[in-house]
Every structure is written in structure tokens, then in C-alpha cells.
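The values are calculated or read from the model by the stated rules, or taken from the named source; none is laboratory data. Please read all numbers here as calculations on a predicted model, not as lab measurements. So basically every Cβ, Gly included, is an ideal-geometry build from the backbone, and we count neighbours across all protein chains shown.
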């Protein structure tokens, strides 16, 4: 029965909606709007918390009244008669204390602990992650991954806890305080004077301390996120740290942020100590003031001992609650500070979004056109130099095109625009006549297979990494793709740190457990399995040894059949057999043709080829220098 009760409340927030199911375009950046964005999805539970909190507060207000009634009963001239007369009240008091309050507290706890805390936290965290993970590449490039993750995780807890605390503590003391004040006004208006003065002082107390503690909390939260970001950055790049023997520099880099966090915590705790000392004095004044007024009124026979016995527990409970509520209010604003920091990452609008009527890309042929494309990474408005300038390029269906040019010529930018990691600033790009801005990003990237030079694998099994290209693929299809990429042989010999072997062995974070060549072959297998109609190879074999590269080059010929191919390579020998080579320089196309046509032209490509054929590529001063085995 107990399990059924728990499951009932735990299922009040069942299937959590993704942000696309919510009538919004992501969390709004305003603090109140950000809160309401999540609270409105579960407002019924918060209303239930208001109801249960009201019930608990009202019952707690009755307890001092019961105490006063008992004291009055004990001072009766005829105890036996008084006891008979008050028997229904005493029985009612017992029922309220034995059944009413425990039941109301249980119901309040079930709503808060079993429905709101797990459900609302998961809802906020999931929807925040869903929105953040769909941000554009620059969003992640401009911040620490650890700090973003820290904000997503902590914001969910802080938002939920601040709302729960507001309902639980602030609502409780409002109901209890009004009820207690009303009772004392009924007894004698002079009894309520100390409480009224205390309420004014308490309001000024909160007005002074709460904003300062909120700001200090936000500052501390930001400092904590910076520590997290720097620590994760060091861990993620641990091999670079060790390779360059820079452990001490990393120590200093992380220690700087830790010391900064310590200063923020110290400032926060100084304010906390002042907070508690002031509150203790305020509560002492309330108790002494109420006791003094009570004794004075009793000594003048204007109130009974029963009223004194009721009033003192009431204000004692208010004083006790004031400390609890003050901590809760302080916690609320601490959490608000954390939420404000989280908004900086979570409530950022997507900069690259699909059009409202975006359709699905269909690629029956693979015809690609760049028409008068200009692009500068947004720097043109500030006078920056364009990366691509009035670029026109037509890649016919099934054509294999190699992009050639020194670093910074615009090759990778052209590919990033084709993948729509950025939108063109002028002109347009089409695939089979469809403007990329008129189709969904998901359907576009499903139609393009890409192998990059800097291959990154997921911290999952090798099979899962390969199957990422086609999730529904069978084990046999995964193995066949690995064989085509010449990866099957080394995969069968893998054994990870937990004893998993072969295709079930895990690759480690970013594929760190594999060599560069092994990672690249797994990435090739993933693209083979994806079997997209458009294929992009960005230095796809740069990490392979000559023997494996020669074998894979033959497989690539098969892989490229029937596909539109764009290949980037500094080693010109790897793309010399392409149908057409496009030479880029300073964001423009300066030469086009086959390998033999460009050699006969005697231009930039011919000079690059001549240098590489000698085994050394030494480009003009200021450009990269790299050793090449042609």
C-alpha cells in the first residue's frame, strides 16, 4: 500500500515534455519569466503545496491555543465540572494532534518530496540540456564545457529548491504570523504590539540582508563554475599538460580560480554571521517584549493566565520560525543567484534556427551550388576581412572535387557553410535546387557524411561509435563497415580497462584509448555505415600510416562511387585523382581543373605540387610549414 502511495505521487510528473512540445522558443532570459517557464508546467503541484502548507500552518497555530485552554482548565475552581464541560474540546484537540497534523504533514511531504523534487528537477534539467545541446558550435567554443554542464545541473536544483522553499517557508510564516497576530488582537490589542514592531523590524532586516546575500551568492556561484570549468579543461587536456610538463602552470591556473572562490565564500560567510547575530537580537526583543506586556496586563487582571500561556508559545514559535524562515529566504536568494548564473547559458536563444516552414532536404542527385557567397564570421559589420568573397562554385551530381589552398584560404569555412554550422551572410547555397536555409538542419546533415582530421569518438563502445552513422544497423553491417575501413583487425584485439573486448570495448573520452590512426579508421567506418549521398573528407587519412592509407584509398574509391564528394587535403597526392581540383586563396577561387590541367597552367597549384614532390612544403613566409610524404 505504501509503495502504491509513493508511486502515485512520483508519477504526477510523468512523461516530461521536450521544449519543442512546450509553447515557447526556449527559456526566456528574464528571471521571473525563466522561473515561470518551468513552474507553469507543474503549477498544479505547487498549488497543492500551498494547500498543504496552509493546513500545517493553521494546525500549528492551534497548538498554543490548546496549551492556553489546558492552562485555563487547570485554574478552574471546580476541575471535575470543568473537565466534563471541556471534554469535547479535549477530544477534538487529541484528534487534531494525533491524526490531523500527522496526516497533513505526511501529505505535504508526499507532494514536496515525492512529486515535486524528483519530477520538477528532472523536467528542468532535461529541458535545459535539450535546449543547450542544440546551440551552434561557437556557443560551445566560447565557454568551458565544464562550466556549461555545471550550470545545467545546478540550475535545476536551485530553481526547484527556491520555489519549494518559498511555498514551504515564506507561505508558512505568512499564514502562521497572520493567524497568531489575529489571536493576540482578539485577546488584547496591546499584546500584539511587540509582534507588530517585530514584523516591521523583520521586514527591514530582510530588506537589508537578502539582496546582499543574493549578490554574494551569485558571485560565489560564478566563481564555483569557473573552478569547475578550469578543472574540467585540465582533465580533458591532460595529455597536453603532461606532454609539455606544465603541471605547475596548470596548478597555478586552477589555484587562482580556487583562491578566488575562497574569497567569495569568505565574504558570503561574513554576511551570514552578521545575519544570524542580528536575527537573534531581534527575536530576543520579541520574546522579552511580549512577556513584559503579558505580565503587565496579567498583573492588572486584564488578561487571564490562559491568555499568557497562549501568547508566549505563539511568539516563541514565531521567533523559532524566524530563524528557519530567514535561512530559507537566504537559501532562496542563494538559489536565485545560481539560477541567474545558469540563465547565462540556458536562456541563450539559438543563433542558428530552422525556418518556421523548413522542409526536409531531398537529395536525389547531389547537385551543389555556391552562388555569390560572402562570409566573414560576423566581422564584416565591424570592418573585418571577409573569409569568403563572392564565391561561386558548382559541383555536379556524382562529381569528386578536391579543395586545395594554404591554411586560412577558406576551405574549412566553405565546408562549414555547406553543413550549415553557420548561415551565409550574402548569397546562397543549394543542394538539388533547395536553399539550405529552407530545410531543417537535421535533414541536411543526415544527407552528408563527413570524416574530419581531428576525429573525436564518444565514450562508448566501438560498435556504438560506428553505429552512430546508422543506429538501426545490424552487428553484421557494423562489422562490414569496419572491414571496409580496415578497422576490423585492430578492433578484434581491443580490451578495455573493465575487460570488455572487441566491438564492446569502450573508446575512452574522445577516443583517447585509441591511436590517432585507429580513431580515424573508426570514423571512416561510421561514415561508410551512414552511406550519405554527399561525402566530405577533411584530411580523412592524415593520421594513417602509408600502408593502411594506400589500402583505404582503394576503399574510398568504392565509397565515393555514386556520391558527390568534396575532399580537403594538404597532401596533394591524396586528391590528385579527383575529377576536379579547386584552388582557393584568400576566400576566392583562383584556379580550377584536373591535376594535369593545373600542372600545365603553371599557377599556384603547380608551385605547390613542385614543392611537395620534393618532399617538403614550405609556403610563403607566415604560412604553415609541414613535412609531407608525397
For the range 375-386, does any single residue satisfy the condition of being under 22 Å from residue 579 (Cα atoms) and in contact with a helix residue (DSSP H, G or I) (Cβ under 8 Å, 6 or more places away or on another chain)?
no
I'd like to check something: does the range 523-536 contain any residue that is at pLDDT 75 or above, surrounded by 15 or more Cβ atoms within 10 Å (Cβ to Cβ) and more than 41 Å from the chain's Cα centre (by Cα)?
no
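Could you tell me how many of the residues in the range 429-457 are in a loop (DSSP other than H, G, I, E, B) and at pLDDT below 85?
Filtering the range 429-457 for residues in a loop (DSSP other than H, G, I, E, B) gives 432-433, 440, 447, 452-456.
Within this subset, residues satisfying the condition of being at pLDDT below 85 are 452-456.
Selection size over the range 429-457: 5.
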Please report, ordered by residue number, the helices (runs of 4 or more DSSP H) entirely within the range 1-76 with at least 2 residues that are under 30 Å from residue 310 (Cβ atoms) and modelled with pLDDT of 85 or more.
43-74
Would you say residue 313 is part of a helix (DSSP H, G or I), more than 19 Å from the chain's Cα centre (by Cα) and in contact (Cβ under 8 Å) with a residue 40 or more places away in the chain?
yes
Identify, by number, the condition in (1) within 17 Å of the chain's Cα centre (by Cα); (2) surrounded by fewer than 17 Cβ atoms within 10 Å (Cβ to Cβ) that residue 353 doesn't meet.
(1)
Considering residues that are at pLDDT 85 or above, outside any helix (DSSP H, G or I) and surrounded by 13 or more Cβ atoms within 10 Å (Cβ to Cβ), the number found within the range 588-622 is 8
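Being under 25 Å from residue 205 (Cα atoms) and out of contact with any helix residue (DSSP H, G or I) (no Cβ under 7 Å at 6 or more places or on another chain) is true for just one of 246, 270. Which residue is that? Even if it seems obvious, please write down each step before you answer.
Numbers: 246 fails: under 25 Å from residue 205 (Cα atoms).
Only one candidate qualifies: 270.
Only one of these is modelled with pLDDT of 85 or more, touching a helix residue (DSSP H, G or I) at 6+ places or on another chain (Cβ under 8 Å) and under 29 Å from residue 10 (Cβ atoms): 160, 112. Name it. Spell out how you get there, then give the answer.
Details: 112 fails: modelled with pLDDT of 85 or more.
Only one candidate qualifies: 160.
Run down 234, 311, 304 and say which single residue is at pLDDT below 80, touching a helix residue (DSSP H, G or I) at 6+ places or on another chain (Cβ under 6 Å) and assigned by TED's automatic domain parsing to the domain that holds residue 69. Let's see the steps before the verdict.
Details: 234 fails: at pLDDT below 80; 304 fails: touching a helix residue (DSSP H, G or I) at 6+ places or on another chain (Cβ under 6 Å).
One residue alone meets the criteria, 311.
Please work out which residue is surrounded by the most Cβ atoms within 10 Å (Cβ to Cβ), limiting yourself to the range 293-310 and to residues that are in a helix (DSSP H, G or I) and free of Cβ contacts under 8 Å to residues at least 12 places away in the same chain.
Only one residue tops the list, namely 298.
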Please work out which one of (1) touching a strand residue (DSSP E or B) at 6+ places or on another chain (Cβ under 9 Å); (2) modelled with pLDDT under 85; (3) more than 26 Å from residue 567 (Cβ to Cβ) is the condition residue 326 fails and give its number.
(1)
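Yes/no per residue for (1) surrounded by 19 or more Cβ atoms within 10 Å (Cβ to Cβ); (2) farther than 21 Å from residue 155 by Cα; (3) within 29 Å of the chain's Cα centre (by Cα):
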residue	(1), (2), (3)
210	no, no, yes
225	yes, no, yes
266	no, yes, yes
279	yes, yes, no
Only one of these conditions is not met by residue 371: (1) within 36 Å of the chain's Cα centre (by Cα); (2) modelled with pLDDT of 85 or more; (3) not in a loop (DSSP other than H, G, I, E, B). Which number is it?
(1)
Return the pairs, sorted by first residue and then second, in which the second residue is at pLDDT below 75 and surrounded by fewer than 23 Cβ atoms within 10 Å (Cβ to Cβ), the first residue lies in the range 552-573 and is under 26 Å from residue 489 (Cα atoms), the beta carbons are less than 8 Å apart, and the residues are 6+ apart or on different chains.
552/544; 553/574
The conditions are (1) under 15 Å from the mean Cα position of the chain (by Cα); (2) buried (at least 17 other Cβ atoms within 10 Å of the Cβ); (3) within 30 Å of residue 210 (Cα to Cα), and residue 122 fails exactly one of them. Which is it?
(2)
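Considering only the range 504-528, how many residues are within 24 Å of residue 556 (Cβ to Cβ) and either outside the structural domain of residue 491 (by TED's automatic domain parsing) or touching a strand residue (DSSP E or B) at 6+ places or on another chain (Cβ under 9 Å) (or both)?
Of the range 504-528, the ones within 24 Å of residue 556 (Cβ to Cβ) are 507, 511, 514-528.
With the extra rule that they be either outside the structural domain of residue 491 (by TED's automatic domain parsing) or touching a strand residue (DSSP E or B) at 6+ places or on another chain (Cβ under 9 Å) (or both), the set shrinks to 507, 511, 514, 519-520, 522-524, 526-528.
The qualifying residues number 11.
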What's the number of the condition residue 188 fails, among (1) buried (at least 16 other Cβ atoms within 10 Å of the Cβ); (2) under 29 Å from the mean Cα position of the chain (by Cα)?
(2)
Residue 394 fails exactly one of (1) in a loop (DSSP other than H, G, I, E, B); (2) out of contact with any helix residue (DSSP H, G or I) (no Cβ under 6 Å at 6 or more places or on another chain); (3) within 22 Å of residue 443 (Cα to Cα), namely (1)
